[in-house]
Amino acid sequence: IQRKLAILADAAKYDASCASSGSAKRNSMGGKGIGSTEGSGICHSYAPDGRCISLLKILLTNFCTYDCLYCVNRVSSNVPRARFSVDEVVALTLDFYRRNCIEGLFLSSGIIQSPDYTMEQVVEVARRLREDHDFRGYIHLKTIPDPSPELLADAGRYADRLIINI
């Protein structure tokens, strides 16, 4: 899990949506101390009411069937690959939340098999958090390109915010 977290949190930093993604460490002694915005996929974003919130920012996977030249996770890219299961993302989110490290989840993914299959997995994470675990934290989902309208509607039922790259 730690190896996957390191790979998939690092890969998520390329999603330009959180204010502190890729920012420099603030600990004057070096290393990862209190107040560090680096490591473990923690980023900060702003809620609609203006509050700054800490999010676990990860990809479900950085495997991708597409070969978009701008994307570091394209199929032809030579990067370490990893994939979380739905259960692993749910468990990580709840663990970080219970330890008061985060207030929510930012989840994106490379394309696994097909856009619909991948979007089903992303939505299932949010559904389980909301319905099975009564999670009331913030959920920010990045939609997968070209999923079915029904999957987008499902994502909207569980997420606080949806975004898509265009």
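Of the listed requirements (1) modelled with pLDDT under 95; (2) under 25 Å from ILE144 (Cα atoms); (3) touching a strand residue (DSSP E or B) at 6+ places or on another chain (Cβ under 8 Å), LEU92 misses just one: (1). Of all residues in segment 118-130, none satisfies being without any contact (Cβ under 8 Å) to a residue 12 or more places away in the chain and either at negative phi or among the hydroxyl-bearing types (Ser, Thr, Tyr) (or both). The residue that is modelled with the highest pLDDT, counting only those in segment 28-57 that are open to solvent by less than 70 Å² (accessible area, probe 1.4 Å), under 15 Å from GLU103 (Cβ atoms) and assigned to a loop (DSSP other than H, G, I, E, B), is GLY50. Quick check on segment 88-106. Is at least one of its residues part of a loop (DSSP other than H, G, I, E, B) and under 20 Å from ILE7 (Cα atoms)? Checking segment 88-106: at least one residue is part of a loop (DSSP other than H, G, I, E, B) and under 20 Å from ILE7 (Cα atoms).
Table: residues versus (1) open to solvent by 60 Å² or more (accessible area, probe 1.4 Å); (2) of a type outside the set (Val, Ile, Thr).
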residue: VAL79; (1), (2): no, no
residue: THR93; (1), (2): no, no
residue: GLU103; (1), (2): yes, yes
residue: SER108; (1), (2): no, yes
residue: THR118; (1), (2): no, no
residue: VAL125; (1), (2): no, no
residue: ARG136; (1), (2): yes, yes
residue: TYR158; (1), (2): no, yes
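The values are calculated or read from the model by the stated rules, or taken from the named source; none is laboratory data. In this text the structure is predicted, and so the values were computed from the model without any measurement. Methodologically, a virtual Cβ is constructed for each residue, glycine included, from the backbone with ideal geometry; neighbour enumeration extends over all protein chains shown. SASA here: full protein model, heavy atoms, side chains in, ligands and nucleic acids out. Shrake-Rupley method; radii C 1.70, N 1.55, O 1.52, S 1.80 Å.
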